[in-house]
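These notes are about the structure you will find just below.
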Amino acid sequence: MSYTFFGEFMRVLRVKSHEVMGDTAKLLGVKIPFVSAVENGKRNVPDEWIPIIIEHYKLNEEQQKELRTAVEESKTQMKINLTAVSNPKRKLAFQFQRSFDDLDEDTAEEIIKLLNKEDDD
């Protein structure tokens with residue numbers, strides 16, 4: 001069975017707290033299969049879980065950062081709000097969606113560098 005970064009993070013928290021997945025499900029107000037699906041990467045981590053986990057496990061700043069990173073790295077789907085977006089950005093989003101599966105690793109790295117360069121300016 002493979003776990004996402006979030007799944008691994010949660011397993012460590014549960015072991016340290018002497019809890020099982022059923023305890024996590026009860027804490028989050030969901031059924032065990034849903035927690036399992038999230039930890040295995042079949043579903044995204046619901047945003048409302050983050051503050052509950054932080055409070056319940058009394059996570060310090062470093063652990064909170066690690067949790068947020070695990071949540072981001074475990075995402076299986078993303079949504080982009082195109083409501084108030086210019087036409088060029090809208091076209092970019094759709095082109096990226098169409099081309100995503102065919103991108104090779106080198107091209108992906110080049111796009112990341114280009115986008116990060118914009119942040120530096």
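The values are calculated or read from the model by the stated rules, or taken from the named source; none is laboratory data. In this text the structure is predicted, and so the values were computed from the model without any measurement. Reconstructed Cβ throughout: ideal geometry from the backbone, glycine too, with neighbour counts over all protein chains shown. Surface accessibility is based on the protein's heavy atoms, side chains included, excluding ligands, DNA and RNA. Shrake-Rupley method; radii C 1.70, N 1.55, O 1.52, S 1.80 Å.
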Run the numbers for Tyr3 and His18: contour at 0.36 nm per residue of separation, minus the present Cα-Cα distance, in nm. 3.5 nm
As a test of reading the structure, rank Phe6, Phe94 by solvent-accessible area (1.4 Å probe, protein chains only), most first. Phe94, Phe6
Sites Lys89 and Ile32 - FRET efficiency at Förster radius 35 Å, r taken between beta-carbons, to 0.05: 0.30
For the chain, what is the mean residue ellipticity at 222 nm derived from helices alone (per DSSP H run of n ≥ 4: -39500 (n - 2.57); sum divided by total residues; nearest 500 deg cm²/dmol)? -19500 deg cm²/dmol
Between Thr107 and Leu59, what is the FRET efficiency for a Förster distance of 41 Å, r being their Cβ-Cβ separation, to the nearest 0.05? 0.65
Excluding ligands, DNA and RNA, what is the solvent-accessible area per residue of segment 14-121 at a probe of 1.4 Å, expressed in Å²? 80
Accessible carbon and sulfur surface of the chain relative to its total accessible area, %, 1.4 Å: 53
proj_area_mean for segment 23-79 (convex hull on C-alpha atoms), units nm², value 3.9
Student exercise, segment 21-115 dipole from Lys, Arg, Asp, Glu Cβ charges, in Debye to nearest 20: 620
Hey, what's the Kirkwood Rh for segment 69-121 if you take every pair of different alpha carbons, in angstrom? 13.1
At most 15 other Cβ atoms within 10 Å and a DSSP loop assignment: could you name the GluC sites (Glu not before Pro) in segment 1-72 that fit? Glu48
When the Cα centres of segment 52-121 and segment 14-34 are compared, how far apart do they sit, in Å? 28
I'd like the trypsin sites (Lys or Arg not before Pro) in segment 17-121 restricted to DSSP loop residues with at most 11 other Cβ atoms within 10 Å, sorted by number. Lys58, Lys79
On each of the three principal axes the extent of the alpha-carbon atoms of the chain, given in whole Å and largest first, is 50, 31, 30
